[in-house]
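The values are calculated or read from the model by the stated rules, or taken from the named source; none is laboratory data. Every value quoted in this text rests on a predicted model; they were computed, and no experiment measured them. When we count neighbours, we look across all protein chains shown, and the Cβ atoms used for this are built from the backbone with ideal geometry, even at glycine.
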Amino acid sequence: MIGQRMQTHDATVRRVEQAGHAIGNHTRTHRNLCGAPFEAIDYEINRWGQYFRPPGGHYDEGILEYLRLHGIQLAMWDADGLDWKLKTADEIVANLAEQIDVLDGDGGIVLLHDGDSEDPNGNRWATVEATDRVITHYRAKAFEFVPLSEMTLPRKPRKVWQ
């Protein structure tokens, strides 16, 4: 979660925590940290969380060193819903299905968003509907959904962003 949004939506953060979900770090302000000095990385990540997903998937050796130093795991994804760009649940589901259906047998991490970096009050109903449909579809195909803590990390992203 983005730190600034966690502060303004603390009741939601508590509900997510109480439901037993892992809350990962996605920086304080959703800033791309590639090339940033250590102090800026520290401000954005703030030594917080067990998992870190860099905005846009952008990371470099400085970020990886910071994560190692503080025992934080990089959590990348295998399938990107592009829900920040696609407008309907049908589009999100189709996009994810193309990627999930070709994953190797060791599982995969699906990237979806709980908010909009452009509009903090952006509507995410298409993502909510797509999530329900994807889970229902793949459970019927005997897929198992597990917490991030049960996944093998670090995972190499299918695309390396620098």
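For (1) under 23 Å from Thr8 (Cα atoms); (2) surrounded by 15 or more Cβ atoms within 10 Å (Cβ to Cβ), each residue gets a yes or a no:
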| residue | (1), (2) |
| --- | --- |
| Leu67 | no, yes |
| Lys87 | no, no |
| Ile92 | no, yes |
| Glu98 | no, no |
| Asp101 | no, no |
| Asp114 | yes, yes |
| Thr127 | yes, yes |
| Val134 | no, yes |
Exercise. Looking at (1) surrounded by fewer than 15 Cβ atoms within 10 Å (Cβ to Cβ); (2) in contact (Cβ under 8 Å) with a residue 40 or more places away in the chain; (3) closer than 30 Å to Ala130 by Cα, which is the only condition Thr29 fails?
Worked result: (2)
Problem set entry | Condition check for Arg133: closer than 18 Å to Asp83 by Cα and at pLDDT 65 or above | yes
For this session: Could you tell me which of the residues Gly56, Gly71 is within 16 Å of the chain's Cα centre (by Cα) and either within 22 Å of Met6 (Cα to Cα) or part of a loop (DSSP other than H, G, I, E, B) (or both)?
Result: Gly56
For this session: Tell me, yes or no, whether the stretch 7-17 has at least one residue that is in a loop (DSSP other than H, G, I, E, B), surrounded by 17 or more Cβ atoms within 10 Å (Cβ to Cβ) and not acidic (Asp, Glu).
Result: yes
Exercise. Condition test on Asp78, is it touching a residue at least 40 places away in the same chain (Cβ under 8 Å) and either buried (at least 17 other Cβ atoms within 10 Å of the Cβ) or in contact with a strand residue (DSSP E or B) (Cβ under 8 Å, 6 or more places away or on another chain) (or both)?
Worked result: yes
